[in-house]
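Here's the structure we're looking at; comments come further down.
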Amino acid sequence: MSSTSIPVELSSGGFWSDVRLALRGTSQDYTTLGLNRAIFLLAVPMVLEMAMESLFAVVDSYFVASLGRDSIAAVGLSEAILAIVYAAALGLAAGTTATVSRRIGEKHPEAASEAAFQAILLGIGVSIIVGTAGVIWGNDLLRLMGASPGIIHAGGRYTVCLLGGVGTIFLLFLINAVFRGAGDPIMAMRTLWLANLLNILLNPCLIFGLGPFPRLGVLGSAVGTTVSRGVGVLFAAWFLIRGSGHLRLGVEHLRVDIKVMLSILRLSAGAALQSMITIASWVGLSRMNATFGSAAIAGYTLAIRTVIFVILPAAGLCNAAATLVGQNLGANKPDRAEQAVWRAGFYNAIFLGFVTVVFWLFAPLIMRIFTDDAPVIAVGATCMRTVSLAYPFLAYGMVMEQSFNGAGDTTTPIYINLLCYWAFQLPLAWWLSHGAGTGPKGIYISIAAGESLLAVVASLLFKRGKWKLKQV
C-alpha cells in the first residue's frame, strides 16, 4: 500500500475521546481495531514514554552544564560508552517485544507472560556481568575514549556509578518492552513519568547539595538518575505482577524455560548486534570529534542530547508499528501489518519535518538554554541544523528497521546498518573532517548522509516483504 493513501477513522467519541482513552489505557484487540485508531491509541502513550526517556539525558545536561566544559565532556564521553549498554538493552527489548506481541496476536496471553519472565531473567544475568565490568574498568574506558586527565578527574566517578547501575537500565527497558508488546503502552509511559519526575528533583539536589543532600557535583547526576530508574523498575514490576490490561506475571510463570529463553536470545542477539553497529558508529564519530578539543566535545554532546530528545518521541511511533506488526502477524494478517508500517512512517515524517524547521530557526536559542559559552553554542547549533536535514528520511528509516524487529527479522537491519554506518558513514566522516579539512562539520554532514541512505535501503528491502515469513 502507498504511504500517501491515509484514510481517516474516527471513533464515536472523536479525537479527544481517543486521547483520553490512550492515556487511560485500553484492553482492545489491536488486530481488529480500525488501523489508524490502533496506531493512535498505541502511539500516544509510546511517544510520551520515549519523550520521558529522552528527558533523562536533557535533565542531566542542563544541570551539569553549569559545572564547566570538562564535566560536560565527561558526561558526553560516558554516554558514548554507555551507548553499548543501551544497544544490548535495546536488543533484549526488541526480542521481548517481538515474542510477547506475537503470542498476544495468537491469543496466547499465558505464553506471553512466560516469555516476559524469561526476558527478565536474561536481563538480570547480563546486568550482573556488565555492571561488574563497568565498576572495575570505568576510568580505563574513559581513557580509551580520548578523555584528558581533567575530564577523568571531573567525571570518572560519574562513569563508574552509571555503569555499576546498568541493571536499572536493562530492567526498565525490558519490563516496558513487555508492556508495549502486550499492547499496554500506558504502563510503560507511567513508569518513565515517575522515574523522570524523581530525576528532575534529585539531580539538582545531589549535584549542588541542596537542603540535606550532599554536594556531589557531576557524580550527583549519576546517582540521581540511577536511583530514579531503580524506583521506576520497582513501580513497573509491581504493575506487571498485579496485572495490566493484556498480561499478568503470576507465580505459575516463575520458572526457567530454556527453549523460550533461547528463542528470545536468538532474536535479541540480532537486534543487539544491529544496535551495537549503530552505537559503535556513534562512538567512532564521538572519538573523531574529540580530536577537535573540549569545546567541540561539549557542543556535540549538548546538540546530540537535544537531537535524541526529539528522536526518541519519534521512536514511539516506531514502537507502535513494531507492536502492530508482531500482533497482526500472530493473527495471520500480514497485509494489515504492512499498512500499519507505511502509515506510521508517514506520520513520523510529518513530525520530524516540523522539528527540522524548528532546529534551523532556533538552534542557537536552544543551545543557550544549556550554556553561555559562545564556541560551544556555535558548534552545537551547527550540529543540530546539519543533522536535522536528514529527519524526513530518518522518519521512514526508523519505522522500517523497528518493524523488521517487530516481525522477528532481526538480521536484515544488521546488513542495513553495516552498509550505511560502517561502510559509508564512518569513512565519509573521517574524510570530510580530517581529509577535506571541514573539521567537526564534516562529521555532522556524514550523519545526515548516512541516515538518508539508511531510509532508502530499508524502504526498498521492506517492500520486498520477506519479513512477513519470519517465525517467532
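Quick one: what do you get for the chain if you divide its Cα Rg by 2.2 N^0.38 Å? Kindly include the intermediate steps, with their values, before the conclusion.
Values: Rg = 21.3 Å, N = 472, 2.2 N^0.38 = 22.8 Å.
With N residues counted in the chain, Rg over 2.2 N^0.38 Å equals 0.93.
Here the spin labels are modelled as points 7 Å beyond Cα on the Cα-Cβ line, and at residue 257 and residue 27 they lie 2.1 nm apart. Spin-label pair residue 129-residue 378: with each label point 7 Å from Cα along the Cα-Cβ axis, the two points sit 4.7 nm from one another.
For region 379-429, the fraction of C-alpha pairs more than 13 angstrom apart is 68%.
Estimated at 0.36 nm per residue, the fully extended path between residue 431 and residue 15 surpasses their Cα-Cα distance by 144.8 nm. FRET efficiency for the pair residue 357 and residue 441, taken as 1/(1 + (r/R0)^6) with r the Cβ-Cβ distance and R0 = 22 Å, rounds to 0.60. Which pairs break 31 Å Cα to Cα here: 441/466; 259/466; 441/470? In this structure, 441/466; 441/470 lie more than 31 Å apart at Cα.
Between the exposed loop cleavage positions of the chain, defined as trypsin sites (Lys or Arg not before Pro) in a non-H, G, I, E, B DSSP state with at most 15 neighbouring beta-carbon atoms within 10 angstrom, the longest gap is 256-472.
Length gain on complete extension for the stretch residue 139 to residue 66, per 0.36 nm per residue less the alpha carbon to alpha carbon distance?
24.0 nm
For the chain, what is the mean residue ellipticity at 222 nm derived from helices alone (per DSSP H run of n ≥ 4: -39500 (n - 2.57); sum divided by total residues; nearest 500 deg cm²/dmol)?
Per the formula, -27500 deg cm²/dmol.
Quick one, what does Rg over Rh come out to for region 54-158 if you take C-alpha atoms and the Kirkwood Rh? Dividing the radius of gyration by the Kirkwood radius yields 1.14.
When the dipole is taken about the Cα centre of region 34-469, and only Lys, Arg (+1) and Asp, Glu (-1) are charged at their Cβ, what size is it in debye, to the nearest 20?
Dipole of region 34-469, to the nearest 20 debye: 500 debye.
Taking other Cβ within 10 Å of each residue's Cβ, how do 82, 302, 419 sort, fewest first? Mind showing how you got there, number by number?
Working: 82 20, 302 32, 419 16.
Result, fewest neighbours first: 419, 82, 302.
Between residue 153 and residue 215, what is 0.36 nm times their sequence separation minus the Cα-Cα distance? Round to one decimal in nm. Extra length available between residue 153 and residue 215 comes to 20.7 nm.
Using C-alpha pairs below 8 Å separated by at least 6 residues, the relative contact order for region 27-180 is 31 percent.
Here the relative contact order of region 34-469, from alpha carbon pairs under 8 Å that lie six or more residues apart, stands at 23 percent.
Readers should treat all values here as calculations from the given coordinates under stated rules, not as data from a laboratory. Fair warning: this is a prediction, and the values are worked out from it, not measured in the lab. So basically every Cβ, Gly included, is an ideal-geometry build from the backbone, and we count neighbours across all protein chains shown.
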